[in-house]
1. If I model the stretch 636-694 as equal point scatterers sitting on the Cα atoms and use the Debye formula, what is log10 I(q)/I(0) at q = 0.22, 0.24, 0.27 Å⁻¹?
2. Measure of size requested: the Rg and Dmax of the stretch 532-617, with Cα atoms as the atom set and Å as the unit; please supply both.
3. Give me the three principal axis extents of the stretch 573-679 from the C-alpha atoms, as integers in angstrom, largest value leading.
4. Could you grab the relative contact order for the chain? Cα pairs under 8 Å, six or more apart, rounded to a whole percent.
5. Please work out the Cα convex hull volume for the stretch 295-418 and give it in Å³ per residue.
6. Express the relative contact order of the stretch 259-351 as a whole percentage, based on alpha carbon pairs under 8 Å and six or more residues apart in sequence.
7. Which whole number in µm²/s is D for the stretch 149-247 by Stokes-Einstein, with the Kirkwood Rh taken over Cα pairs at 20 °C and 1.002 mPa s?
8. From zero outward in steps of 20 Å, how is the percent of C-alpha pairs of the chain spread across the bins?
Amino acid sequence: MAAALLKTIDRAVKSSFSIRTSVFPPARFGRSVARCLSTTPAKASVQTTTPMPEADGFPGVHTHQDLYDFSLREPDTFWGTLAKSRIQWIKSFDRVSDCDMSAGKIEWFLGGQLNVSVNTLDRHVQKMPDKVALIWERDEPGTEVRITYRELLAMTCQLANTLRSHGVKKGDRVCIYMPNSPIAVAAMQACARIGAPHSVVFAGFSADALASRIQDANCETVITTDQAVRGGKVIELKKTVDDAVANCPMVKRVLVAQRTGKEVPMKHNLDFSLEEDMCRQSTECTPEIMDSEDPLFMLYTSGSTGKPKGILHTQAGYLLYATMTSKFAFDIREDDIFSCVADIGWITGHSYVVYGPLSNGATTVLFESIPTYPNPGRYWEMVERLKINQFYLAPTAVRLLLKFDESWVKKYDRSTLRKLGCVGEPLNVEAGDWYSQVVGEGRCDLVDTWWQTETGGIMITPRPSQPGAEILHGPMRPFFGIEPVLFNDEPGPDQGKELTGKDVSGALCVRKPWPGIARTIFGDHERYLDTYFRPYPGTYFSGDGAHRDHKGYYHITGRMDDVINISGHRIGTAEIEDAMDEHHDVAETAVIGTPHEVKGEVPYAFVILKEGVRRDEEDIAKELKDLVRKTIAAYAVPDTILITPGLPKTRSGKIMRRILRKISTDKEEELGDVSTLAEPSVVDAIVQSHKAYK
Ligand code: WTA
């Protein structure tokens with residue numbers, strides 16, 4: 001029986017490899033893509049829905065609660081069943097999982113072999129080659145480009161063959177520094193096809209930040225574009241890559257795709273035109289046979305200390321988790337147009353722009369622009385024009401847009417919308433109401449999703465909530481297979497004890513392993529264990545706090561460490577401090593997050609100058625902002641830089657950030673007892689400087 005099944009799978013996989021794909025001439029990339037492809041017809045297919053699609057394959061299970069209970073009771077049966085039916089295997093797995101949370105050991109679908117790009121592309125090309133895979137919503141509205149599954153597979157194969165022709169092989173890390181575009185998706189898929197883990201770096205990061213990520217992953221290959229275009233502005237991407245690569249001797253090749261077609265300096269034997277190389281390559285490419293636990297990609301994210309960590313995800317577990325969470329949290333149906341407006345440089349872009357929707361055979365929108373370009377109606381005009389069914393964004397965009405007149409929303413037809421999702425930061429009540437009532441007219445499900453780079457996919461979400469039902473704020477129920485646990489983190493005898501029951505708040509951890517969890521931090525497994533598995537032994541520690549309410553629903557209360565969240569982007573305050581500490585006039589800095597109406601949080605920096613520095617403070621503040629922009633990225637630049645005579649420290653030298661947070665929010669009456677500080681008088685001095693600054 002199993003052997004017969006294997007044979008069938010083998011046959012299916014082999015036949016999918018030999019699909020003829022149309023030749024893709026270089027003229028169809030870059031500037032000319034729109035002209036050549038915008039007429040591509042999307043083939044209509046039949047819509048299939050069942051009242052509870054999650055229960056497919058689980059006989060006798062009818063309710064969300066039944067399936068959830070089953071997923072915790074019999075995780076191997078639950079995940080194994082899904083993995084068999086939802087993934088196309090080259091060789092099926094022999095064992096569903098081998099995990100030990102207390103040792104940070106996570107392995108799923110052992111013995112299985114697959115190729116992720118075959119799962120996201122070839123298997124759909126077989127059934128519906130002309131279905132649109134990507135709608136590239138370019139910066140200028142109305143210039144969108146449609147790419148079918150067949151075309152995306154052809155591009156992917158040509159790009160994969162290009163990488164191979166340059167000597168890139170299984171296991172080599174490839175850095176991708178590109179804006180949202182079909183060629184960037186093809187680059188990710190091409191890496192998956194040849195088994196070279198990609199490390200996508202958000203194209204808003206500075207040359208220094210890019211260089212440190214290239215160095216940490218030891219990437220020999222970088223893929224980029226000549227320029228990027230965002231909100232009507234041109235960004236010199238290749239120039240940033242040049243500056244980064246100047247400090248990365250390991251880089252052997254930079255493959256440059258065209259976005260604007262502007263001539264950029266190309267170094268001999270280092271820079272190559274990606275399109276020119278691709279057009280010499282076949283549109284077929286034999287996929288590498290990957291083991292379930294081979295690395296698929298790494299993605300850098302900030303921690304509370306030290307440099308950003310290369311979070312590593314593997315093949316089958318990540319693919320299954322991204323597939324199932326997109327399908328179940330957003331109810332993706334066959335003809336849906338799914339739009340997650342994240343950048344591919346973040347995990348949301350990986351899981352819900354690229355891997356999840358493509359694995360489900362959906363049409364996914366690649367948004368290149370910003371929510372206010374050319375005006376604050378951009379999103380809703382796009383919803384009308386592209387007939388979008390699911391919209392997924394960060395709450396910061398909602399907070400920005402609700403400031404404008406509602407007519408910017410109402411003048412566009414949003415009747416296609418069914419699900420309104422958000423992620424990345426807490427959804428405040430005002431933003432949630434506006435999103436669901438003004439945008440969704442009270443008839444769409446509001447899907448607030450809590451998850452992290454490390455979790456690979458959505459962990460807590462309200463699914464299923466019914467239209468018209470009570471609107472719930474905050475991510476609510478754990479996804480199937482996810483068992484959240486809260487631990488007491490208050491100093492005292494009960495610290496570290498599990499909080500059972502309802503109406504409790506504490507450190508949010510997860511007890512059972514799930515297939516999408518990150519497997520390690522690239523090159524630093526000890527840090528992985530220290531950060532996630534040692535704080536609350538036997539569980540994964542998220543770094544977030546949460547409240548379990550009287551109904552058993554979860555509400556995220558925010559980070560418990562020194563990571564802040566600016567417009568849904570994570571950054572460790574230590575990284576900003578490290579950047580500013582490089583300034584020759586600076587003795588010490590302390591950065592905290594302080595609330596901001598639109599961005600959620602912004603960095604607020606307290607800076608002590610070296611003895612004897614007598615320069616203009618405004619000049620220094622400006623230089624410090626430039627330094628952060630140059631070392632990290634524009635989004636990390638502190639809103640406020642306050643030069644102070646000292647910092648509140650304990651006698652052992654630890655900075656009391658709690659005090660700085662109170663001062664920054666004008667709550668000095670809540671400072672409490674400061675007499676235990678090494679120098680209590682410093683607090684008054686900081687309060688005065690803060691007041692004078694305002
Ligand atoms: C925060 C983004 C409140 C949280 C997918 C987490 C949230 C961090 C929510 C991960 C939410 C994410 N409500 N806070 N719905 N979703 N967060 O790795 O602090 O970029 O730890 O992954 O964002 O950010 P990351």
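The values are calculated or read from the model by the stated rules, or taken from the named source; none is laboratory data. Computed from a predicted model, the values in this text were never measured in an experiment. Note: ideal-geometry Cβ built from the backbone for every residue, glycine included; neighbour counts use all protein chains shown. With ligands, DNA and RNA removed, areas are computed over all heavy atoms of the protein, side chains included. Shrake-Rupley method; radii C 1.70, N 1.55, O 1.52, S 1.80 Å.
1. Debye output, listed in q order: -0.87, -1.02, -1.24.
2. Both quantities, over Cα of the stretch 532-617: 17.6, 59 Å.
3. On the principal axes, the stretch 573-679 reaches 38, 38, 23 Å in Cα extent.
4. Computed value for the chain: 12 percent relative contact order.
5. Details: hull volume 14.9 nm³, N = 124.
Each residue corresponds to 120 Å³ of Cα convex hull volume.
6. Across the stretch 259-351, relative contact order equals 17 percent.
7. D = 156 µm²/s.
8. For the chain, the pair-distance distribution reads 18, 53, 27, 3, 0.
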